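One structure is given here, and the rest of the page talks about it.
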């Protein structure tokens, strides 16, 4: 069965006895590492305990599947449940894994990780379909995930941070959980006994490691940030996003801009208009959105929307590669911003 990364904290407190394995996959290697350690610790407090934890690499298994059989069926000399961790797993594991599980009554827990697997790959599908497995897709943190993670981290460590500093912090953290964790650890070390974090502290310690999500891409494009737009688009495609879905997300973003511009043209205050948006913007998005409203007027937005609609239609009705068509359109829009800054 599939579960979400945010459910793991509750699950590992008392891992159900019937769960035989977890497949943790996706492009966010930091999150994969963090979650795999949580599941290992649900069985063994020491993730390097040789009596209870065994680590295998897919290359080892590919050359001799018996290695996996032996480790999975081995019993701990110290008693208790064991964990077998398989790193860099591929779909080649799916068939022998099914056969092994059907023939074995071992209570060993399998923790299978891979940054190359995608949702539709056979190993991920197996984890989704089997009632005694968990499948967890780990992709880049969205803005709300970053905000929630940072807030939880501050509370856990007893730190206070003002609103502006928190907004800056979230904008600089990475979509990769492990990188964000490292940055926050640096901040905690820097602060020492001082429990109140300000803007200067964030500027001094936290590198700008922000990466990509669908919403990030919309903001990069609308602000004319071409390099970040390219990197964000490529990452989304790698994660399995459909180019048409991406184009629609950007179109929706420009429709929101158009709605705001229409209200501003009627005499409404821009800040008030942005604050009244539903669903509301994350608070650290507001300044960037207001900047976009200064950059984009009605005619420019309509031109961008027309280009986006044409691209969506071409992606559906022509043989031209959809990824290339979508990428080209987004770069045209982002590059165009430079002409009217």
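Let's see how each residue does on (1) buried (at least 16 other Cβ atoms within 10 Å of the Cβ); (2) free of Cβ contacts under 8 Å to residues at least 60 places away in the same chain:
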residue	(1), (2)
229	yes, no
238	no, no
241	yes, yes
281	yes, yes
321	no, yes
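Residues of the stretch 119-142 being closer than 25 Å to residue 216 by Cα and crowded, with 21+ Cβ neighbours inside 10 Å, which ones?
136, 137, 138, 139, 140, 141
Give me a count of the residues in the stretch 93-105 that are closer than 11 Å to residue 21 by Cβ and not in a helix (DSSP H, G or I).
0
Any read-out appearing in this document is the output of simple, stated calculations on the displayed coordinates, not a laboratory observation. Source: prediction; values computed, not measured. Reconstructed Cβ throughout: ideal geometry from the backbone, glycine too, with neighbour counts over all protein chains shown.
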